[in-house]
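To start, the structure under review is shown below, and the notes come after it.
Nothing in this text is a laboratory measurement; each read-out follows from the coordinates by a stated rule. Just so it is clear, the structure is predicted and the values come from calculations on it, not from any experiment. Heads up, the Cβs are rebuilt from the backbone with ideal geometry, glycines too, and the neighbour counts pull from every protein chain shown.
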Amino acid sequence: MNLKGRDFLKLLDFTPEEITYLLDLAAELKDKKKKGILVDDMHRGKNIALIFEKTSTRTRCSFEVAAHDLGMGTTYLEPDSSQIGKKESTADTARVLSSMFEGIQYRGFDQSIVEELAKYSKVPVWNGLTNEFHPTQMLADLLTIREHFGYLKGIKLAYMGDARYNMGNSYMVTCAKMGMHFVACTTPKYFPDAALVEECKAIAAQTGGSITLTEDAMAGTKGAHVVCTDVWVSMGEPDEIWAERIRELSPYQVNKAIMDNAGEQAIFMHCLPAFHDLKTKVGAEIGERFGITEMEVTDEVFESPKSLVFEEAENRMHTIKAVMAATL
Ligand code: CP
Ligand code: NVA
């Protein structure tokens, strides 16, 4: 397997074998990290640029720690602090950065921006989240699921809530690729884009996976190995849509009834950050405005032994390290 020089923009671009290779490499790098075995000779002396047009905790820290562990230097370009998109085009930015750095991470808005960055860059470009996809998150989730159940093929993953944005789209693609069963539980307004659904159904037909879209949360989550969700309003979306989202997506909250319905085997996953209490600025504001204490997941489920959210968060670092180690 040789992924040197490849971009990592979305899982649609990778075969199941390539994805498995990245997971195996992540598991190996994780094991080395736990044992204190250094890997800083892997890419010593290289440098990477981290472009963030949206905020981040996990993704930024994962890229920075993983780069350091691989022997590399990092430059963080925070939202609004560079010329990108304002005084300088994506194409020009790509040509400038790829003359100085060995790799470029981009987090921002349209998928077309990261695709254009990759088109004009001479070095690998990694997608750290766009409106449409969050592929590094998918590797972390797959590693977490595989560590827990020991396998991926045949796993049923039920996704609750806003299924037409980066997390819903990405889970659908991921399940199709890995022979898993994806079920989106939400109202049709939040179903993923029809063309992407068809593309994923065709992939699933080859891998033994399946794609189901349903309004029935109980039928959709029954027997699920993984129940997952995401915030109801994503970064970059306007504040004004909170009321509509709370009204439309509340029936798809992950709570104890849903987890009990899924069954004994079910685990809970969330890319984070999550609104499971009022202990955040935004959570407290929403709580005050709408008289609610939790949103996409109840605190009871979030804090339960079934919740693997912090294992999932840790695996962001190991999997991002694998992506960089493999593509540089
Ligand atoms: N899950 C995730 O991407 O988290 P951050 O927004 O903190 O990077
Ligand atoms: N859908 C969320 C994911 C955050 C990791 C967002 O785009 O804000």
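Restricting the chymotrypsin sites (Phe, Trp or Tyr not before Pro) of the stretch 140-198 to loop positions (DSSP other than H, G, I, E, B) with no more than 14 neighbouring Cβ atoms within 10 Å leaves Tyr151. How large is the charge dipole for the chain, taken about the Cα centre, if only the Cβ atoms of Lys, Arg (+1) and Asp, Glu (-1) carry charge, to the nearest 20 debye? Dipole about the Cα centre, nearest 20: 880 debye.
Think of the stretch 184-301 as having a plus end and a minus end, set by charges on the Cβ of Lys, Arg, Asp and Glu; of Gly208, Val297, Thr280, Gly208 sits farthest toward the positive end of this dipole. Segment Ala243..Ala202, full-extension length gain: 11.1 nm, with 0.36 nm per residue of separation and the alpha-carbon distance subtracted. Please say if the chain is rounded, prolate or oblate, where rounded means a/c under 1.5 for a ≥ b ≥ c the square roots of the C-alpha gyration tensor eigenvalues, and otherwise the choice is prolate for a/b larger than b/c and oblate otherwise? The shape class here is prolate. The alpha carbon centroids of the stretch 89-121 and the stretch 285-320 are separated by 32 Å. I'd like the distance between the alpha-carbon centres of the stretch 1-33 and the stretch 180-210, rounded to an integer number of Å. Comparing the Cα centres of the stretch 1-33 and the stretch 180-210, I get a distance of 23 Å. The residues packed around Leu129, meaning those with a beta-carbon under 9 Å from its beta-carbon, carry a net charge of +2 if Lys and Arg are +1 and Asp and Glu are -1. Rounded to the nearest 20, the size of the Cβ-charge dipole of the stretch 209-269 about its Cα centre is 260 debye, with Lys and Arg at +1 and Asp and Glu at -1. Where in the chain are the helices, taken as whole DSSP H runs, whose Cα atoms extend 15 angstrom or more along the long axis and whose Kyte-Doolittle mean reaches at least -1.0? Span-like helices, by this rule, are 16-35, 58-69, 135-149, 166-178, 194-207, 309-327.
Going by neighbour counts of Cβ atoms within 10 Å, the residues Asp299, Asp92 line up, fewest first, as Asp92, Asp299.
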